[in-house]
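Values quoted throughout were computed directly from the atomic coordinates according to the rules given, and no laboratory measurement underlies them. Please read these numbers as outputs of a predicted model, since none were measured by experiment. Backbone-built Cβ (ideal geometry, glycine too); neighbour counts: all protein chains shown.
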Amino acid sequence: MINPIYSPATDRYENGMRYRRCGNSGILLPEISLGLWHNFGDVNSLANSMDMAHYAFDHGITHFDLANNYGPSYGSAEETFGQIMKKSFHPYRDELFISSKAGYDMWPGPYGNWGSRKYLMASLDQSLKRMNLDYVDLFYSHRFDPNTPLEETLQALVDIVRQGKTLYVGISRYPKEAAAFAYKYLAERDVPCLLYQGRYHIFDREPKEEGILQQAKEQGVGFIGFSPLAQGLLTNRYLNGIPEDSRMAKDFHLKKNILTDELLQRIKGLNEIAAQRGQTLAEMALAWILKNDLVTSVIIGASSVKQLEDNLKSIRNISFTEEELKAIDILSK
Ligand SMILES: NC(=O)c1ccc[n+]([C@@H]2O[C@H](COP(=O)([O-])OP(=O)(O)OC[C@H]3O[C@@H](n4cnc5c(N)ncnc54)[C@H](OP(=O)(O)O)[C@@H]3O)[C@@H](O)[C@H]2O)c1
């Protein structure tokens, strides 16, 4: 049977999704964005990847976050997204905010990693081809490169904007001092940094503790948090063992040995607090980040439409009592 042509939900902007302004920019991002790091590669079911992308867009998720090496295999998440663009999203390109990145290992040899102009420029050209796009909305330097002059990396970002291959630029996982340099360098060239992307969840509060959130706010830059569910730890996924189809079962990006009895007890405690709030643990974990108005959006991952459905409910209640926050703090360490 031929699949019918995708037609998005007509009420996609009336489903409860809220949009937050990204720093001092003109861009609004949905409180929940979808990341394609896992479950969109060529090892995954294309039908499931498409279902998730459609479900996301149907529910107001306009921001899709990619990187050159998401897969596996490297590049294949972008290829999957390229197929989704071609088959479904093409008429809606102007409703989408699509990001990609370069900075980690991508191709062999000296020019396929880190922060050189050579790598960033070539990588974005490859990403655009894979995604069937003329431009991305946002291109990130994926990590700080201590061995490349920061000016070189940042000037490459500026020039990529001038070439029309991205509308905005961002930085990911930069130390605070390097971020300060980047914000200044980019602003002086009239290419203000749009977003800082950093890991942020109940167990990892570095962006707040290191002052990255406050710094971004002061510089008019947005902050987007990745792995808000601690790759699945902050969900009901591992409450009763390690499911065969879970990320942890692969023992690669999420190692089995981190799930100690002690951590499991803390997760179970958090799960109880969530239940008392009438939320799943995943919903509460997302709400906990979104309660902070220094956060523009959270980028979730998902392996099924069911998980997306659950996660989208988080935005219905993002307020916490003092007691709840204290109890969460105790269980976070
Ligand atoms: N800038 C960077 O360096 C960087 C680094 C990492 C990630 N990111 C971005 O952040 C995005 C999200 O990262 P992440 O995938 O680690 O995010 P995450 O939201 O912390 O974890 C997603 C995983 O949690 C599980 N999950 C999600 N919702 C669930 C639910 N309702 N119930 C039970 N389990 C649930 C799923 O695991 P299963 O697959 O086991 O079902 C899912 O794959 C990435 O796609 C990427 O765009 C950026």
Most to least packed among 62-72, 92-102, 323-333 [average Cβ atoms within 10 Å]: 62-72, 92-102, 323-333
Per-q log10 I(q)/I(0), segment 49-138, q = 0.23 Å⁻¹ (Debye; single scatterer per alpha-carbon; no solvent): -1.12
Alpha-carbon centroid distance for the pair segment 277-333 / segment 117-170, whole angstrom: 32 Å
Pairs from Lys268/Lys333; Lys86/Lys306; Lys208/Lys291 whose Cα-Cα separation, in the structure shown, is over 18 Å: Lys86/Lys306
Positive-end residue, segment 109-204 charge dipole about Cα centroid, Cβ charges, pick of Gly164, Ser127, Tyr196: Ser127
Mean separation of Cα contacts under 8 Å, 6 or more apart, over the residue count of the chain: relative contact order %: 17 percent
Hull volume in cubic angstrom per residue (convex hull over the Cα atoms of segment 196-333): 111 Å³
Sequence of Ile258, Ile300 once ranked by neighbouring C-beta atoms within 10 Å, starting from the fewest: Ile258, Ile300
Positive-pole candidate from Ala282, Trp107, Ala56, dipole of the chain, charges at beta carbon: Trp107
Shape call, segment 264-316: gyration tensor on alpha carbons, a/c limit 1.5: oblate
In nm, spacing of pseudo-spin labels at Glu210 and Asp190 (7 Å Cα→C-beta vector): 3.3 nm
Rg(Cα)/(2.2 N^0.38 Å) for the chain, N = residue count: 0.96
Dipole magnitude of the chain, debye to nearest 20 (Cβ charges: Lys/Arg +1, Asp/Glu -1, about Cα centre): 160 debye
